[in-house]
Structure formats: structure tokens, C-alpha cells
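Visitor: I'd like to ask some things about the structure below.
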Amino acid sequence: MKTKEAHIDRKKNFRIGVRRSMPLYLLMLPSIIIFLLFTYYPMYGVVIAFKDYSPALGIMGSPWVGLKHFKQFFNSYQFWPTIRNTLVISLYTILVTFPLPIVLALLCNQMRAVKFKKFFQVATYLPHFISTVVMCGMIILFLSPSTGIIAKIVGLFGFTLPNLMGEASAFPHIYVWTEAWQHVGWDSILYIATLSAVDPTLYEAAIMDGANKWHRVLHIDVPALLPTATIMFIMRMGSVMSVGFEKVYLLQNTLNSSTSEILSTYVYKMGLISNQYSLSSAIGLFNNAINLILLVTVNQIAKKLSDTSLI
């Protein structure tokens, strides 16, 4: 009897809570509709990875072929090169661009000159707002061996700048370090906000105990940043196989394609240029499956080691 009454009370409280929060649900409704239409509804199209898709027959009318396109990709000569290039560029990017925003936030937090601090923040944020197309144009112009700014500066000292955009071995370095220059300042905002929430009395107590700046950074700032850094690292690992398509494609040429051909550019070429829609869908599905596995794995490891995780 008591269990039945408790169940009735829970249902009653639930209805009351829904009625009270109805304005919030209505406010959230457009976002939910957009999310369903543009995120979940298109997911049914993934089935073309298991079909010989023909636009004339449509998704449901195309014949099933099972894992044919996955096997085709796994057995193709482009499988290992694209996987290798994707992992090299992605892991290299994480290795450089993940710790740099943390270091930048720690340095910014130690600045006491307010005007210089603001100038420093704005100067590091601005490159983030440069569009990818403009950024790639700037990179190509700067690295031009004949008319580039860097070539002219190097020429003043009697040296000749090689054609870096035509050297396959130089492509990962160009991509990663220009990515760091463009986004490190913006990525540091979250860490700067985290440091601004640290209780000032902790610093005062540390100073009273004789701690210098290095000790305060090591024992107060770094522990404060660890939960945020862990969450950001988990999210970064969940997109290891998803290197930015636009920048790689715009910087890619026939001379550096041996190191610049990644999964996303290969999917574009197979799907929209070669019209092999099912093959490109299979490659994209494989890519997303690897990202999901990495995300779940790293999340579970982080949860066990630090009690910090996405869920």
C-alpha cells in the first residue's frame, strides 16, 4: 500500500515539476527540433555504407551488399597511408596544441600589468578569427620560395628558402605549428577562466608559508586546471581520426600528397569527385567508429585514474 502511494506521489510531483518548468521546455523546443532534424534524422543515411547506393534507386531501393565496401577499403592501397597520415597529423597536433594553451594560461595568470595582459590576450586570440581559406592563403604566400616574406628575410642572410609546400616531410610540421599559432590563444580562454575562479586566499596562505611563484603554480594552479584539462583531453582523443578537412585539403598538392592524404580528404574524393557514395560512407562510418571507441576508452581510463570523466 505504501509503495503504491509513493508511486502516486512521484507521478504527481513529476507532473507538477513539468508544469512549473513548461516555459523552459518551450524555450528548449526549437533547439531539440533542429538537433533531431539535422543530427539524428540524417543518420539513417549511414545504411548506404552497406548498400550499392544508386541515386536513381534511392537509399531504400539500393541493393544490400553487407561489408563489401569496408573490405574494399581495407584491401585498398590507400588504407594504411591514409590511416598513418591521419594518426601522425592528429597525434602531433594534440602533442603540441594540448599543453600550449595550459602553459599560456599559466603565464597569463602570472602577469600583473593589466594593460599588457589585455594586449597579450587579444594578440593571441585574434588569429582564431581568421577564416581557414584566408589562413591557408597566408601560409602559401609566406612559404613561397620566390615571393614569400620568410624567403625574403632568409635571403638577407644569404640563404635560399626551399619549397616547403612541395616537400612531403614538411607538411605535418606546417599544419601543426600554424594550427598552434591560430588556435592556442583561443583555447587558453577556458583555462584562464578556470584559474580566475581559484580562491585568492589559497595564494595568500601559500605566500605566508613561504611559497614562491613556482611553488604556487605547481601546487595551486596546476591542480586547479587538472579536471578541466582531463575533460578537454578526453574530448580531443574522441576526434583523433577527424583531422580538419578544410585546411588539409587547401594546403594539399601533388608533391605533398603522400603525407597530406588523410581519411577526410580521401572520403571527399571518393564520394563527391569519384561518385563512390557507398565507399565514402563506409570509410566515414569506420572513422567515426574508431573515434567512438577511443572516446569511451579514454573516458573510462580517466574515470579510474582521476575520478574525472564526461559521464
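The values are calculated or read from the model by the stated rules, or taken from the named source; none is laboratory data. Note that the structure is predicted; figures quoted are calculated from it, not measured. For neighbour counting, all protein chains shown are included, and Cβ atoms are generated from backbone atoms with ideal geometry for every residue, glycine included. SASA here: full protein model, heavy atoms, side chains in, ligands and nucleic acids out. Shrake-Rupley method; radii C 1.70, N 1.55, O 1.52, S 1.80 Å.
Visitor: Taking the residues in region 274-304 that are more than 18 Å from the chain's Cα centre (by Cα) and among the β-branched types (Val, Ile, Thr) as candidates, determine which candidate is most open to solvent (accessible area, probe 1.4 Å).
Guide: Among those that are more than 18 Å from the chain's Cα centre (by Cα) and among the β-branched types (Val, Ile, Thr), it is Ile301.
Visitor: Of the conditions (1) out of contact with any strand residue (DSSP E or B) (no Cβ under 8 Å at 6 or more places or on another chain); (2) under 30 Å from Gly284 (Cβ atoms), Leu126 satisfies every one except a single condition; which number is it?
Guide: (2)
Visitor: Let me ask you something else. Can you pull out the residues in region 36-46 that are closer than 13 Å to Gly284 by Cβ and of a type in the set (A, V, I, L, M)?
Guide: Scanning region 36-46 gives Met43, Val46.
Visitor: Have a look at Val96, Val114, Val88, Val122 and point out the one that is open to solvent by 50 Å² or more (accessible area, probe 1.4 Å) and either at pLDDT 90 or above or in contact with a Gly (Cβ under 8 Å, 6 or more places away or on another chain) (or both).
Guide: Exactly one residue qualifies, and that residue is Val88.
Visitor: For region 181-204, which residues satisfy the criterion of being open to solvent by less than 50 Å² (accessible area, probe 1.4 Å) and either in a helix (DSSP H, G or I) or under 25 Å from Thr93 (Cβ atoms) (or both)?
Guide: If the condition is that a residue be open to solvent by less than 50 Å² (accessible area, probe 1.4 Å) and either in a helix (DSSP H, G or I) or under 25 Å from Thr93 (Cβ atoms) (or both), then Gln182, His183, Val184, Gly185, Ser188, Tyr191, Ile192, Thr194, Leu195, Tyr203 are the ones that fit.
Visitor: Do we find that Tyr249 is modelled with pLDDT of 90 or more and among the aromatic types (Phe, Trp, Tyr) in this structure?
Guide: yes
Visitor: If we only count helices (runs of 4 or more DSSP H) wholly inside region 236-311, which ones have 3 or more residues that are over 22 Å from Gln78 (Cα atoms) and in contact (Cβ under 8 Å) with a residue 12 or more places away in the chain?
Guide: Where helices (runs of 4 or more DSSP H) fall fully within region 236-311 and carry at least 3 residues being over 22 Å from Gln78 (Cα atoms) and in contact (Cβ under 8 Å) with a residue 12 or more places away in the chain, they are 277-306.
Visitor: Can you tell me which residues in region 138-157 are in a helix (DSSP H, G or I), open to solvent by less than 50 Å² (accessible area, probe 1.4 Å) and in contact (Cβ under 8 Å) with a residue 24 or more places away in the chain?
Guide: Correct list: Ile139 only.
Visitor: Determine if region 21-35 includes at least one residue that is over 27 Å from Asn288 (Cβ atoms) and either assigned to a loop (DSSP other than H, G, I, E, B) or under 25 Å from the mean Cα position of the chain (by Cα) (or both).
Guide: yes
Quick grid of which residues meet (1) within 25 Å of Asn275 (Cα to Cα); (2) surrounded by fewer than 16 Cβ atoms within 10 Å (Cβ to Cβ):
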site: His69; (1), (2): yes, no
site: Arg84; (1), (2): yes, yes
site: Gln110; (1), (2): no, yes
site: Ser131; (1), (2): no, yes
